Structure formats: C-alpha cells, structure tokens
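Single-structure report; data block below.
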Amino acid sequence: QVQLVESGGGLVQAGGSLRLACAASENIFNFNVMGWYRQAPGKQRELVANINVGGRINYADSAKGRFTISRDGVARTVFLQMNSLKPEDTAVYYCNGKVLSRDYWGQGTLVTVSS
C-alpha cells in the first residue's frame, strides 16, 4: 500500500520560511508526477508545485519565485521549500503522487502564517 507522509508544517511569521517534506513508502520514481497541493479554509484544493519523473517542474503563479520543489530519490522524499511566506499561504498542504490515472494523498500538514 502506497503511503505518503508529510512533515514540516507549523506556525511562522510573515516573511519567514518553512520546508515541507513528503516521505514515500516506495521509490518516488514509480510515480509519474509528485507534487504539493494546498487547501485553505473555505477554498478548493489547489496545486502549488509538482515535478514529473523526468524532472520537469511546474509552479502555481502564487508559488513562483518563493517556493522550490525538489526531491531526493535515495531518501524517497519530495520537499517544498517555502520562503517569503504570506498570511494567504495559510493552508493544509498535501503531498500528492500520481501513477497513471490514480492519485495518492498524504494526510496533510498545516501551515499557518501570522501577520
């Protein structure tokens, strides 16, 4: 059974940084795409950033220039480095892995950015 476990969320002041990690139970290169989504209260879940098996990276406009997605195949982990955080980045952040048409999700980690 595929498992994705996020860590690294927490409370940070505006302008601060956090690094999220998503540890996978299997080789991350088994996934076609891995990425991060977020869901703020009362809003739909949205893509933040993803990286495909070939290394192509895609960022939401809100993340460009501030967030960086990376991966460590040996550690089976995908990271999201978040800098210059804003109160509007407050959300539950979810790790996602796609294998063909199937989606796998982590349990989420809460990021709260205070003003």
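The values are calculated or read from the model by the stated rules, or taken from the named source; none is laboratory data. Everything numeric here is computed off the predicted structure, so don't read it as measured data. Here the Cβ positions follow ideal geometry from the backbone for every residue, glycine too, while neighbour counts run over all protein chains shown. Ligands, DNA and RNA are stripped out before the accessible areas are found, and what is left, the full protein with its side chains, is counted by its heavy atoms. Shrake-Rupley method; radii C 1.70, N 1.55, O 1.52, S 1.80 Å.
Regarding K86, is this residue basic (K, R), open to solvent by 50 Å² or more (accessible area, probe 1.4 Å), out of contact with any His (no Cβ under 8 Å at 6 or more places or on another chain) and under 16 Å from G9 (Cα atoms)? Let's see the steps before the verdict.
Numbers: basic (K, R): yes; open to solvent by 50 Å² or more (accessible area, probe 1.4 Å): yes; out of contact with any His (no Cβ under 8 Å at 6 or more places or on another chain): yes; under 16 Å from G9 (Cα atoms): yes.
Yes; evaluated as a whole, the condition is true for this residue.
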Lone unmet requirement of (1) touching a Ser or Thr at 6+ places or on another chain (Cβ under 6 Å); (2) open to solvent by 30 Å² or more (accessible area, probe 1.4 Å); (3) of a type in the set (V, I, T) for V74: (1)
So, first residue closer than 30 Å to V74 by Cα and open to solvent by less than 60 Å² (accessible area, probe 1.4 Å) in the stretch 30-43, second residue acidic (D, E) and not in a loop (DSSP other than H, G, I, E, B), Cβ within less than 9 Å, six or more apart or across chains; the pairs are W36/E6; Y37/E46; R38/E46; R38/D89
Identity of the residue in the stretch 81-115, under 11 Å from the mean Cα position of the chain (by Cα) and in a loop (DSSP other than H, G, I, E, B), that ends up nearest to K64 (Cα to Cα): G108
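Would you check which residues across the stretch 61-71 are open to solvent by less than 50 Å² (accessible area, probe 1.4 Å), part of a strand (DSSP E or B) and not hydrophobic (A, V, I, L, M, F, W, C) and list them? Before you say what the answer is, go through the steps one by one.
Pass one, the stretch 61-71, residues open to solvent by less than 50 Å² (accessible area, probe 1.4 Å): 63, 66-67, 69-70.
Pick out the ones that are also part of a strand (DSSP E or B) and you get 67, 69-70.
Of everything in the stretch 61-71, just one residue is open to solvent by less than 50 Å² (accessible area, probe 1.4 Å), part of a strand (DSSP E or B) and not hydrophobic (A, V, I, L, M, F, W, C), namely S70.
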Which residue is modelled with the lowest pLDDT, if the candidates are limited to the stretch 1-16 and must be open to solvent by 30 Å² or more (accessible area, probe 1.4 Å) and touching a strand residue (DSSP E or B) at 6+ places or on another chain (Cβ under 6 Å)? V2
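Where in the stretch 1-42 are there strands (runs of 3 or more DSSP E), lying fully within it, with 1 or more residues that are of a type in the set (S, T, Y)?
Working: elements: 4-7, 10-13, 18-24, 33-39.
By residue number, 4-7, 33-39.
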Whether any residue in the stretch 93-110 is farther than 15 Å from L4 by Cα and surrounded by 17 or more Cβ atoms within 10 Å (Cβ to Cβ) is what I want to check. no
